[in-house]
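No lab work stands behind these numbers, since they all come straight from the coordinates. Since this is a predicted model, take the numbers as computed values, not measurements. Every residue, glycine as well, gets a Cβ built from its backbone with ideal geometry; the counts of neighbours run over all protein chains shown.
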């Protein structure tokens, strides 16, 4: 399968029909993913089996969702973890808002979210959100507004998968500190681990995207036995969700851009 160059972002094709655990195609693809993350921290995952109908329905649902009144969207709250709720109405990011579905592969979770947004029901939306966690919307900037939809930042997740609508804007920062424009393609998903990303709106129109974010429930273990004089251990083991709470309390305009060092650095 191999990696092919696409604007300096590795491309891995997941459309192989024989891509089953234990097969040679599976092993080869696993090696490609590992190499892409080690060398770039991100890659483009192509899945050409996704039909245009699924793509259109997903983003039609996003438009319907964000068309709800703000007071309804703000009911999307979480008493468990930070960042698992509605985000938006920020003076510093007037173009941005997003909503989250916790445990999106659970029927009960998607039904609960749908009933919260539409108390009278919306079966069409519920049936088409089983694999989605967060919906994003970026309004088209007005004449006097900045075109920054999202400021440069690194997701505090274990792994992030982004799928874009028809309006471009996503940028990823590679390990060589070069920013790469990531085009919106119907059969492509952009996967990254702790890479800096931002959204710059260069096209006309409202921008929608979908994101699936993974976290570790429990402790992120640091393999201390792998350290030594040449490669000393720089971090202690830590609880992923405690780190999220730390970030929410300490994130600000003058905070350390790498808060993980403050939280768990040796």
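Figures for the structure shown
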item: Cα-projected label distance for residue 57 with residue 266, points at 7 Å along beta-carbon direction, nm; result: 5.1
item: 42, 191, 30 arranged by Cβ crowding within 10 Å, fewest neighbours leading; result: 30, 191, 42
item: Contour excess over end-to-end distance, with Cα ends at residue 206 and residue 233 and 0.36 nm allotted per residue; result: 5.2 nm
item: Computed label-point distance, nm, for sites residue 30 and residue 18 using a 7 Å Cα→Cβ extension; result: 1.7
item: Estimated translational D of region 220-266 in µm²/s (Stokes, Kirkwood radius over Cα pairs; 4 °C; 1.567 mPa s); result: 110
item: Residue-averaged [θ]222 nm for the chain, counting only DSSP H segments that reach four residues, each worth -39500 (n - 2.57); result: -7500 deg cm²/dmol
item: Dimensionless Rg/Rh of the chain - Kirkwood Rh, Rg from C-alpha atoms; result: 0.96
item: Computed over the chain: relative contact order in percent, which uses C-alpha pairs under 8 Å that are six or more apart; result: 17
item: Burial ordering of 28, 217, 106, fewest other beta-carbon atoms within 10 Å first; result: 217, 106, 28
item: Segment residue 75-residue 146, length gained on full extension (0.36 nm per residue, minus Cα span); result: 22.7 nm
item: For region 1-49, diffusion coefficient by Stokes-Einstein and Kirkwood Rh (Cα), 37 °C, 0.692 mPa s, µm²/s; result: 300
item: Theoretical FRET efficiency, 1/(1+(r/R0)^6), r = Cβ-Cβ of residue 38 and residue 214, R0 22 Å, to 0.05; result: 0.75
item: Highest-fluctuation residue, 107, 213, 43 considered, GNM on the chain with Cα pairs under 10 Å; result: 107
item: Inter-label distance for residue 179 and residue 226, nm, one decimal - labels placed 7 Å from Cα along Cα-to-Cβ; result: 3.1
item: Dmax and Rg, reported as Rg then Dmax, of region 100-248 (C-alpha, Å); result: 18.6, 63
item: Residue-span extension gain [residue 241 to residue 106] - 0.36 nm each, minus C-alpha spacing; result: 46.5 nm
